[in-house]
Structure formats: C-alpha cells, structure tokens
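Structure first, then comments.
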C-alpha cells in the first residue's frame with residue numbers, strides 16, 4: 001500500500017478484527033476514521049456479480065462527478081480488467097483476504113490520474129460474504145478533479161494480502177509443503193493469464209477449499 005488513506009484504513013480494520021478473520025460491520029465507527037471518510041466506501045454483496053455501493057465518500061463521488069450509492073462496483077471496470085476484479089472480490093468476500101488495486105483513471109478529455117483502492121472483508125451479523133469495506137484514493141489532486149469525471153479505469157497493479165500470513169481455510173492443515181501465503185507480490189495484469197499446466201490441475205491428491213486448489217509438493 002502506497003497511499004496514506006489505504007494504510008490508515010488497513011491499520012484500523014486490522015485493529016478492530018483482533019484475532020478474527022474480519023471485523024463485524026457494527027464494529028466500524030465513522031468517527032474513528034473521520035479524516036479519511038471522504039475516500040472510503042462500503043459495498044453490499046447481493047450476488048457474485050453485484051457489489052453495490054451502500055456508502056461512498058464525498059471525494060470519491062467527486063472524482064466521478066456523480067453519486068455512487070446504489071451503483072455496482074463491477075460496472076466501473078472494462079472487460080479486460082473485469083475478470084481480475086471479480087477474482088479479487090471473490091478472495092475478499094469468500095476467503096477474507098485483503099486486496100489492493102492500483103489503477104489509472106481517465107477523463108473524456110484524456111486527463112489521467114492514478115488511484116489506489118483497498119478492499120477489506122467485513123462480517124454482517126456473523127456472516128461472511130455480506131459487506132466489504134474499502135477506500136479509493138487519488139495519488140494526486142489536480143485542479144480538474146470534480147470538474148471532469150473519471151470515465152475509464154485501467155488496472156496497473158493488483159495484490160492480495162493475507163493478514164494472518166495464510167488464508168484462514170489453510171490453518172487446520174499441518175505437515176504440508178505449501179508455503180508463502182503471506183501475500184501475492186504485486187503484478188501487472190498486462191502479463192496475461194497463463195493456462196494451468198496439466199500437472200497442476202486438480203487431482204485426487206490435491207485439496208480443494210472453496211474456489212481454490214492447494215497443490216501438494218514443492219520445487220522439483
């Protein structure tokens with residue numbers, strides 16, 4: 001995380017959750033993060049294709065020159081980036097990971113501005129896959145922000161972070177050689193998605209957890 005806003009929100013969220021995978025929605029007190037409220041938001045998960053803004057900060061709405069409440073977070077991304085965002089949202093909502101997205105926003109006049117977005121899981125009445133706490137902060141504040149809306153968003157980097165060093169569903173496993181789940185290094189989506197080698201496909205010896213597969217073994 002590079003922006004002070006995303007760092008502040010992550011630290012607040014991490015403190016609230018304590019030893020839990022994620023905090024409750026009722027744990028969030030807006031007064032505690034009033035200095036970054038303009039850049040924060042809450043998504044309601046209605047289904048796998050609908051992550052609706054329940055709340056959106058004033059500076060966020062200003063960047064797009066419109067009210068974001070009620071709109072679908074997925075509608076803001078182009079087709080080539082949509083699958084990456086869906087993957088991150090699944091990891092946040094289902095596996096309770098944290099996700100960071102770097103992207104470049106562009107206006108219809110060709111003006112560009114870099115942003116950083118943080119996505120954090122929240123439980124609602126003890127249930128997962130209900131809410132996501134987030135921040136969307138510009139890396140600069142040019143004069144035209146709030147005058148010319150961001151109409152295009154292009155991902156420049158993505159990263160998943162496991163706050164407890166590994167996914168919560170991995171904790172019961174012992175004596176496995178799978179390691180390195182602290183975080184997925186930041187990478188550019190332009191590198192493309194390579195097909196999974198035949199030797200890595202799910203077999204009876206592999207363990208499946210939700211939408212992820214843990215492959216036994218290490219470097220050959």
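The values are calculated or read from the model by the stated rules, or taken from the named source; none is laboratory data. It should be emphasised that the depicted structure is a prediction, and the values quoted were computed from it without experimental measurement. Note that each Cβ is placed from the backbone with ideal geometry, even for glycine, and that neighbours are counted across all protein chains shown.
The figures follow:
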{"read-out": "Filter pass, residue 1 being closer than 17 Å to residue 115 by Cα and part of a loop (DSSP other than H, G, I, E, B)", "value": "yes"}
{"read-out": "Test: residue in the stretch 98-111 that is modelled with pLDDT of 95 or more, under 17 Å from residue 156 (Cα atoms), in contact with a strand residue (DSSP E or B) (Cβ under 9 Å, 6 or more places away or on another chain) and surrounded by fewer than 14 Cβ atoms within 10 Å (Cβ to Cβ)", "value": "no"}
{"read-out": "Neighbours by Cβ (under 6 Å, 6+ apart or cross-chain): first from the stretch 71-82, more than 18 Å from residue 156 (Cα to Cα); second outside any helix (DSSP H, G or I)", "value": "71/53; 72/50; 72/52"}
{"read-out": "Among the residues listed as 2, 48, 69, the single one being modelled with pLDDT of 95 or more, surrounded by fewer than 16 Cβ atoms within 10 Å (Cβ to Cβ) and at negative phi", "value": "69"}
{"read-out": "Residue count, the stretch 33-47 (criterion: touching a helix residue (DSSP H, G or I) at 6+ places or on another chain (Cβ under 7 Å) and touching a residue at least 40 places away in the same chain (Cβ under 8 Å))", "value": "6"}
{"read-out": "Filtered residues of the stretch 51-60 (kept if touching a strand residue (DSSP E or B) at 6+ places or on another chain (Cβ under 7 Å) and either closer than 17 Å to residue 122 by Cβ or without any contact (Cβ under 8 Å) to a residue 24 or more places away in the chain (or both))", "value": "51, 52, 53, 54, 55, 56, 57"}
{"read-out": "Residue under evaluation residue 81, criteria (1) in a helix (DSSP H, G or I); (2) under 26 Å from residue 30 (Cβ atoms); (3) in contact with a strand residue (DSSP E or B) (Cβ under 6 Å, 6 or more places away or on another chain), criterion not met", "value": "(2)"}
{"read-out": "Flag for residue 43 being part of a helix (DSSP H, G or I) and either farther than 16 Å from residue 69 by Cβ or modelled with pLDDT of 95 or more (or both)", "value": "no"}
